[in-house]
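Report on one structure; see the data block that follows.
The values are calculated or read from the model by the stated rules, or taken from the named source; none is laboratory data. As the structure is a prediction and not an experimental result, all values here were calculated from the model. Ideal geometry is used to build each Cβ from the backbone, glycine not excepted, and the neighbour counts take in all protein chains shown. When the accessible area is computed, the model is the full protein with side chains, heavy atoms only, and any ligands, DNA or RNA have been set aside. Shrake-Rupley method; radii C 1.70, N 1.55, O 1.52, S 1.80 Å.
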Amino acid sequence: EREDRPGGLLMYGIPNMKLDKNEVVLRRIKVMEEEGVVFKCGVNVGKDITAAELREQFDAIIVATGATKPRDLPIPGRDFKGIHFAMDFLTANTKAVLDPSVKHISAEGRDVVIIGGGDTGTDCVGTSVRHGCKSLSQLEIMAKPPLTRAANNPWPEWPKVYKMHYGQEEAAAKFGDDPRVYLTTATHFEGDKDGNVTAVHVVNVEWKKNEQGQFGPQPVPGTEKVIPAQLVLLAMGFLGPEQPLLDALQPLMQAGGAR
């Protein structure tokens, strides 16, 4: 485990208020340790130990790193300070909860814009509210779900209906409304002379076919807006495992030495 504590996503990817570390995660880790599992933290495979060394020391290697490569948003202004991947924000926050001496990215007193409407975005909403953010907007490129099941979403399929999760409920309690802004995407970031992000330029979209016949979100002219932001969190999902580790293990996998 390359982090300082075992547990992976359960330890640092999910906020403490959503998943208690002592009562749930650490208790399970302790059970595994009592059963003989040895956790070695602060070990980055490919850097602190090579794939070849792992193969020499063990009979089997199981790759269980998860999909930790975040989807980026390469639009103008992306390099401004104050724009972070959601997992960097959430990980640092949980570390600070477990150890107050750890520095973290704070939303306190800031206008926060979260780009992405999934579970990770919701965790960023809940965490920002707890930090004491000044304002909060969550951009969702998809349309707002209906209040009741659509005809093409019958039981027993998962109901694709509108609902607020804990983060949105807490934000609504503080600011008066669901922070999600639907059918909206960012076009570029604005910053000050010191390189700090100050605003997010957005536009409404509609889902339709483009000139090539591909179905996707198309900007709606005349709907451009500017949202103040001193902190922007990118929570648009993940693209898969990080490539350097896979590259290091690929020769072993081809030889049947890793699963």
**Fill in**
When the range 107-124 is checked residue by residue, the ones that are within 13 Å of the chain's Cα centre (by Cα) and in a strand (DSSP E or B) are Ile114, Ile115
**Prompt:** Among (1) assigned to a loop (DSSP other than H, G, I, E, B); (2) more than 27 Å from Val220 (Cα to Cα), where does Ala173 come up short?
**Reply:** (1)
**Request:** Would you point out which residue out of Gly77, Gly167, Gly121, Gly117 is surrounded by 13 or more Cβ atoms within 10 Å (Cβ to Cβ), farther than 25 Å from Met17 by Cβ and touching a strand residue (DSSP E or B) at 6+ places or on another chain (Cβ under 9 Å)?
**Result:** Gly77
**Prompt:** Just wondering, is there one or more residues in the range 165-177 that are touching a residue at least 60 places away in the same chain (Cβ under 8 Å) and either in contact with a Lys or Arg (Cβ under 8 Å, 6 or more places away or on another chain) or within 29 Å of Thr68 (Cα to Cα) (or both)?
**Reply:** yes
**Prompt:** If you take the residues of the range 46-74 that are among the aliphatic types (A, V, I, L, M) and in contact with a strand residue (DSSP E or B) (Cβ under 9 Å, 6 or more places away or on another chain), which of them is nearest to Val203 (Cα to Cα)?
**Reply:** Leu73
**Fill in**
Picked from the range 25-42 (must be loosely packed, with under 13 Cβ neighbours inside 10 Å and hydrophobic (A, V, I, L, M, F, W, C)), the residue nearest to the chain's Cα centre (by Cα) is Cys41
**Message:** For the range 55-67: of the residues being in a loop (DSSP other than H, G, I, E, B) and open to solvent by less than 60 Å² (accessible area, probe 1.4 Å), which is nearest to Ala248 (Cα to Cα)?
**Reply:** Val63
**Prompt:** If Ser101 passes every condition in (1) touching a helix residue (DSSP H, G or I) at 6+ places or on another chain (Cβ under 8 Å); (2) farther than 24 Å from Asp194 by Cα but one, which one does it miss?
**Reply:** (1)
**Complete:** Those residues of the range 43-54 which are over 11 Å from Ala248 (Cβ atoms) and either touching a Cys at 6+ places or on another chain (Cβ under 9 Å) or open to solvent by 50 Å² or more (accessible area, probe 1.4 Å) (or both) amount to Asp48
**Request:** Name the strands (runs of 3 or more DSSP E) wholly inside the range 180-259 in which the number of residues that are more than 25 Å from the chain's Cα centre (by Cα) and surrounded by fewer than 17 Cβ atoms within 10 Å (Cβ to Cβ) is 2 or more.
**Result:** 197-209
**Request:** Write out, first by first residue and then by second, each pair whose Cβ atoms fall under 6 Å of each other, whose residues are 6+ apart or on separate chains, and whose first residue, in the range 87-106, is in a helix (DSSP H, G or I) while the second is surrounded by fewer than 14 Cβ atoms within 10 Å (Cβ to Cβ) and modelled with pLDDT under 95.
**Result:** Lys95/Val102; Ala96/Val102
**Message:** Quick test of your reading of the structure: Val97 fulfils all but one of (1) surrounded by 12 or more Cβ atoms within 10 Å (Cβ to Cβ); (2) at pLDDT 90 or above; (3) closer than 23 Å to Ala248 by Cβ. Name the failing condition by number.
**Reply:** (3)
**Prompt:** Looking at Gly13, Gly109, which one is in contact with a Gly (Cβ under 7 Å, 6 or more places away or on another chain), open to solvent by less than 70 Å² (accessible area, probe 1.4 Å) and at pLDDT 90 or above?
**Reply:** Gly109
